[in-house]
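Please read the structure below before turning to the comments.
The values are calculated or read from the model by the stated rules, or taken from the named source; none is laboratory data. Source: prediction; values computed, not measured. Every residue, glycine among them, receives a Cβ derived from its backbone with ideal geometry; neighbour counts consider all protein chains shown.
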Amino acid sequence: MTLQAVPIAPSGPAPSLFKRNPPIAGEAEAIESAKAGDAEAFSKLYALHKRRVYTLCLRMLGNVSEAEDMTQEAFLHLFRKIGSFRGESAFSTWLHRLTVNLVLMQLRKKGLQLVSLEETISPTDEDSPKRDFGSRDPQLTGSVDRVTLERAVAALPPGYRMVFVLHDVEGYEHNEIATMLECSTGNSKSQLHKARLKLRELLRQNGQSSQPAVLKEAAQ
Amino acid sequence: MTQNDQNLSAPISCADFQERLPDLFASGSNGVPDDLTLQHHLDTCENCANLVRDLQYIADQARMLLEPAEEEPSPGVWANIQSKLSAELAIPELPLTPKLQTD
Ligand SMILES: [Zn+2]
């Protein structure tokens, strides 16, 4: 039997190429005013970016109260440093990088060993994705909506989730992630792969049972 | 006999194929693996082809998560930012609630 050829690379543009940060109306003016200390401009920038920053923190930390604390820190940091924003990158790119760095710093302070990802990330065999050498489950394609995927991501072990969010959602390259997490690029690649395998497993369970496994795991 | 012929004459297992996947996904090649052994396995193994399609699908779908979710930080977060900034920067009045429109 000959099957239709499947390209191995992702069908869409590379993560670094997709349009992550389209300009937001009024943002440039607000940035300039904020640099001059305009209080209204600060609140506008907060209103424009709070959801994305909070969601990023929540995905990286997996905890609402910590995510709110880090959102607060990120914006305080932003407002203190806004004078150094030169516009070389999109403002949201700059803000997200600042947020990621703050969250990682916080996690290191708490003693989370980001370097030895292999151990911290996959603590139990149960959490490790299964090898797939011959299952006959239906394909996922077309079956996963945003809410379902979000729940599955929340159910990932923390280290898998970290690399998945940074690479597949935020669009960072493996070499950037390796620098941020102080690990090798090979480690980043393999963690991402395991994260996607684990997601596939979670999403398949979700599609098959009336009591979604993803919901059960996420609720814990 | 070329290198590729040799590769094709020694087909790889699913385990070997899947071992190579993390690097293949990271390589960003434009859809066609330069390794004919891998492409041959992909063309002839339904299981691995499904796996690759699902993983591509997950990576594609992940991008929709970048758009802001419905959840947002509680109002207390802005209140804290406001009071800290006012103190630090001696800004007289930050608005009580963030506004999307400036007057
Ligand atoms: Zn196979």
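Out of A:ARG97, A:ARG80, one residue alone is more than 19 Å from A:MET180 (Cα to Cα) and surrounded by fewer than 20 Cβ atoms within 10 Å (Cβ to Cβ). It is A:ARG80.
Filtered by the rule that a residue be surrounded by fewer than 22 Cβ atoms within 10 Å (Cβ to Cβ) and either basic (Lys, Arg) or closer than 16 Å to A:HIS77 by Cβ (or both), region A:27-36 gives A:ILE31, A:LYS35. Listed by first and then second residue, the pairs with beta-carbon distance under 8 Å, at least 6 apart or on different chains, first residue in region B:39-57 and under 21 Å from A:ASP145 (Cβ atoms), second within 12 Å of the ligand (Cβ to nearest atom), are B:ARG53/A:VAL6; B:LEU55/B:LEU21.
Residue-wise test of (1) more than 16 Å from the ligand (Cβ to nearest atom); (2) more than 7 Å from chain A (Cβ to nearest Cβ); (3) modelled with pLDDT under 90.
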{"site": "B:GLN6", "(1), (2), (3)": "yes, yes, yes"}
{"site": "B:SER9", "(1), (2), (3)": "yes, yes, yes"}
{"site": "B:CYS14", "(1), (2), (3)": "no, no, no"}
{"site": "B:PHE17", "(1), (2), (3)": "no, yes, no"}
{"site": "B:ASP23", "(1), (2), (3)": "yes, no, yes"}
{"site": "B:SER29", "(1), (2), (3)": "yes, no, yes"}
{"site": "B:ASP35", "(1), (2), (3)": "no, yes, yes"}
{"site": "B:ALA69", "(1), (2), (3)": "yes, no, yes"}
{"site": "B:PRO73", "(1), (2), (3)": "yes, no, no"}
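Right, B:ASP54: of a type outside the set (Phe, Trp, Tyr), modelled with pLDDT of 90 or more and either within 15 Å of the ligand (Cβ to nearest atom) or out of contact with any Cys (no Cβ under 9 Å at 6 or more places or on another chain) (or both) or not? Criteria met by B:ASP54.
Scanning region A:50-73 for residues that are surrounded by fewer than 23 Cβ atoms within 10 Å (Cβ to Cβ) and in contact with a helix residue (DSSP H, G or I) (Cβ under 8 Å, 6 or more places away or on another chain) yields a count of 10.
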